[in-house]
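Report on the structure given below.
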Amino acid sequence: MRRLAPVLALGALLLTALPAHAAEAPAHRESYGTKAPYAPRQSPRAYQRPPAGFAPVFTENVSRHGSRAASDGADAELVLALWDRAEAEGQLTGKGEEFGPVVRGLRAAMTKTGYGSLSGRGRQEMADTAVRLERRLPDLFRRIADDGEKIDVVSSGQGRAVASGTAFTGALAEAEPALKPLIGPVRTDKDLLYFHKAAGGAAYRDYIENDQRLKDTLGGITGRPRTREAAHGILRKILKEPFVARVDDQVAAARAVYELYAIAPAMSEESPDGEGWGMERFVSRSDAAWFGYLSDAEDFYEKGPGFAGSDITYKMADVLLDDFFRQVEAKRAGTSDLGAELRFSHAEEIIPLAALMGLPGSTEPAEPGEAYTYADNPWRGADVSPLGANIQWDVFAKGGRYLVRMLYNEKETPFKAGCRPVAEGSAFYDLDELERCFGRG
């Protein structure tokens with residue numbers, strides 16, 4: 001999340017406050033926004049069978065990297081500077097006395113892991129997803145091994161994406177050892193999988209930096225009285241009231257606490273007991289939910305459906321959707337020697353692609369002047385792009401006919417409105433129909 005104020009002056013007692021949502025109960029998942037840990041969305045026993053005579057011939061995906069440490073240590077530093085001052089003045093609540101040591105432990109774990117790097121949970125998420133992939137398509141992977149087809153692995157080049165690809169393919173090879181010599185090293189394609197920072201994202205970056213409507217909209221959302229109330233609630237759980245009253249920027253302080261709360265589940269394996277950090281002790285569910293909404297609002301306008309009548313946030317994902325089609329079309333044409341194409345990327349790519357493709361939850365932009373809210377829009381960061389989120393196309397063939405099934409976070413998902421499946425309620429679509437529906441050729 002973008003900070004409301006740059007770095008707060010550490011000397012003026014204005015710094016930040018407390019932890020937050022370490023509770024990992026699914027009912028509270030939305031409060032984490034796009035930092036929600038990954039879980040598959042469908043039982044493996046519930047997948048449809050392909051139509052009679054069709055066999056799997058190819059699979060491809062794009063996956064967000066798995067759970068990771070925070071990008072940097074700024075939030076922990078800010079919170080601990082405030083906590084140390086309050087402790088020295090005897091201004092900690094009972095919960096507040098527990099808070100500092102927990103944050104210090106979390107900070108130490110993230111420092112050891114490496115800021116922005118894949119955590120133990122992240123590696124496990126990737127490995128588990130790979131094993132489920134192999135179990136869903138055992139015939140495909142046996143055929144890949146028998147025919148000596150290649151498995152191409154490509155990433156954004158960022159460390160956590162590379163590590164995710166390595167963890168994923170390592171588990172895939174362990175599940176089917178004959179695949180090991182066929183899996184290529186993780187190669188980098190920034191234009192494809194880091195497009196928001198590549199040449200194709202120039203107009204998008206200008207929007208993020210200079211669009212006044214974006215600034216006004218996000219400022220209006222954050223400036224609501226509920227933000228100040230939630231910030232005060234977060235701080236008051238840890239700090240005594242006289243001290244809270246002297247915190248210069250309570251919203252910035254509480255936001256730092258929320259960010260630690262949101263990242264804590266991603267670091268659960270690095271906690272002392274391996275079960276989690278218990279950050280939910282320090283932030284109420286309602287206050288966490290509000291800051292989760294603020295995080296979602298920012299991602300909605302900066303990466304997702306955004307403003308009605310504008311595609312600036314997701315048009316650049318065209319390069320990735322085009323690659324999905326190109327891989328399947330090459331398979332049909334007999335010009336590809338690949339059995340699988342595995343891609344590892346970031347929320348900045350998954351969220352725009354979901355909007356471009358019209359995936360569930362990403363179909364409704366906000367009208368200018370009518371701010372995005374949970375009440376009138378289904379978009380949720382925890383659903384659209386949790387850590388480890390993935391979009392997968394499985395390809396089945398019979399003679400010269402090719403069918404495609406899409407999984408979104410491992411749930412069979414229909415293609416956008418206007419695309420017709422092979423039968424009502426079917427998860428399978430003729431490739432020719434998808435080309436028509438998406439305007440290819």
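Just so you know, all these numbers are worked out from the coordinates, no wet-lab data involved. Computed from a prediction, not measured in an experiment: that's the story for all the values here. Every residue, glycine among them, receives a Cβ derived from its backbone with ideal geometry; neighbour counts consider all protein chains shown.
Go through segment 361-441 and name the trypsin sites (Lys or Arg not before Pro) that are in a DSSP coil and have 16 or fewer other Cβ atoms within 10 Å of their Cβ.
Numbers: sites: Arg380, Lys398, Arg401, Arg405, Lys411, Lys416, Arg436, Arg440; in loops: Arg380, Lys416, Arg440.
The qualifying sites are Lys416, Arg440.
Quick one: grab the alpha carbon gyration tensor of segment 114-164, order the square roots of its eigenvalues as a ≥ b ≥ c, and give me rounded if a/c is under 1.5, else prolate or oblate depending on whether a/b is larger than b/c.
On the way: a/c = 4.69, a/b = 1.85, b/c = 2.53.
Cα axes put segment 114-164 in the oblate bin.
Per residue of the chain, what 222 nm ellipticity follows from adding -39500 (n - 2.57) for every DSSP H run with n ≥ 4, rounded to the nearest 500?
Working: 16 runs with 190 residues, N = 441.
The helix-only estimate for the chain comes to -13500 deg cm²/dmol at 222 nm.
Could you point to the residue in Ala231, Met316, Met267 farthest towards the positive end of segment 10-437's charge dipole, with +1 and -1 charges on the Cβ of Lys/Arg and Asp/Glu respectively?
Going by the Cα projections, it comes out as Met267.
For Thr111 and Asp432 in the same chain, what is the full-extension length gain: residue separation times 0.36 nm, less their Cα-Cα distance, in nm? Write out the running numbers ahead of the final one.
Numbers: separation 321, 0.36 × 321 = 115.56 nm, distance 5.01 nm.
Fully extending the segment from Thr111 to Asp432 adds 110.6 nm.
So for Val319, Val404, fewest C-beta neighbours within 10 Å to most, what's the order?
Working: Val319 18, Val404 23.
If I rank by nearby Cβ atoms, fewest first, I get Val319, Val404.
If I build a Gaussian network model for the chain, linking alpha-carbon pairs within less than 10 angstrom, which residue out of Gly292, Gly339, Gly148 has the largest mean-square fluctuation?
In the Gaussian network model the winner is Gly148.
Hey, got the dipole for segment 237-386? About the Cα centre, +1 on K and R Cβ, -1 on D and E Cβ, debye to the nearest 20?
Working: 13 positive and 28 negative charges, 37 e Å.
Dipole of segment 237-386, to the nearest 20 debye: 180 debye.
Roughly speaking, what is the stretch gain from Arg401 to Ser310, that is 0.36 nm per residue apart minus the C-alpha to C-alpha distance, in nm to one decimal?
Working: separation 91, 0.36 × 91 = 32.76 nm, distance 3.64 nm.
Difference between extended and current length: 29.1 nm.
Taking springs between alpha-carbon atoms closer than 10 angstrom, which of Asp128, Asp72, Asp211 fluctuates most in the Gaussian network model of the chain?
The residue with the greatest mean-square fluctuation here is Asp211.
Fully extended, how many nm does the chain gain between Asp322 and Glu367 (0.36 nm per residue separation, minus their Cα-Cα distance)?
Details: separation 45, 0.36 × 45 = 16.20 nm, distance 2.82 nm.
Here the answer is 13.4 nm.
Which one, Asn377, Asn409, Asn61, has the greatest fluctuation when you compute a Gaussian network model over the chain with C-alpha springs under 10 angstrom?
Fluctuation is largest for Asn377.
When the dipole is taken about the Cα centre of segment 10-437, and only Lys, Arg (+1) and Asp, Glu (-1) are charged at their Cβ, what size is it in debye, to the nearest 20? If you can, show how the numbers build up before the last one.
On the way: 52 positive and 64 negative charges, 117 e Å.
Dipole magnitude for segment 10-437 comes out near 560 debye.
Once phi is turned into ³J(HN,Hα) by the Karplus curve 6.51 cos²θ - 1.76 cosθ + 1.60 with θ = phi - 60°, what whole-Hz value does each residue of segment 238-250 show in order, with x for glycine and proline?
Working through the residues one at a time gives 10, 10, 5, 4, x, 6, 4, 4, 9, 6, 5, 10, 5 Hz.
Starting from segment 347-441, pick out the GluC sites (Glu not before Pro) whose DSSP state is loop and whose Cβ has at most 14 other Cβ atoms within 10 Å. Don't skip to the answer; put the middle values down first.
Details: sites: Glu348, Glu349, Glu370, Glu410, Glu412, Glu424, Glu433, Glu435; in loops: Glu370, Glu410, Glu424.
Filter output for segment 347-441: Glu370, Glu424.
Using label points projected 7 Å from each Cα along Cα→Cβ, tell me how many nm separate Ala52 and Lys411, to one decimal.
Once both label points are built, they end up 3.2 nm from each other.
Setting aside same-chain residues fewer than 8 positions from Lys303, which lysines have a Cα under 16 Å from its Cα?
Lys35, Lys197, Lys215, Lys315
Quick one: if the Förster radius is 41 Å, what FRET efficiency do Ala333 and Arg228 give, using the C-beta to C-beta distance and rounding to 0.05? Spell out each step's value before the answer.
Numbers: r = 59 Å, r/R0 = 1.45.
After rounding, the FRET efficiency stands at 0.10.
Once label points are set 7 Å from the Cα along Cα→Cβ at both Ala289 and Lys197, what is their separation, rounded to one decimal in nm?
3.6 nm
Projected onto the charge dipole of the chain (+1 at Lys/Arg Cβ, -1 at Asp/Glu Cβ, origin at the Cα centre), which of Ala52, Trp83, Thr217 gives the Cα projection farthest towards the positive end?
The residue sitting most towards the positive pole is Ala52.
Please list, by residue number, every one of the trypsin sites (Lys or Arg not before Pro) in segment 201-263 that is coil in DSSP and has at most 16 other beta-carbon atoms within 10 Å. Intermediate results must be reported in sequence, preceding the final value.
Values: sites: Arg205, Arg213, Lys215, Arg226, Arg228, Arg236, Lys237, Lys240, Arg246, Arg255; in loops: Lys237, Lys240, Arg246.
For trypsin sites (Lys or Arg not before Pro) across segment 201-263 that sit outside H, G, I, E and B with at most 16 neighbouring Cβ atoms in 10 Å, the list reads Lys240, Arg246.
Given labels modelled 7 Å from the Cα in the Cβ direction, how far is it in nm from Arg143 to Gln42?
1.9 nm
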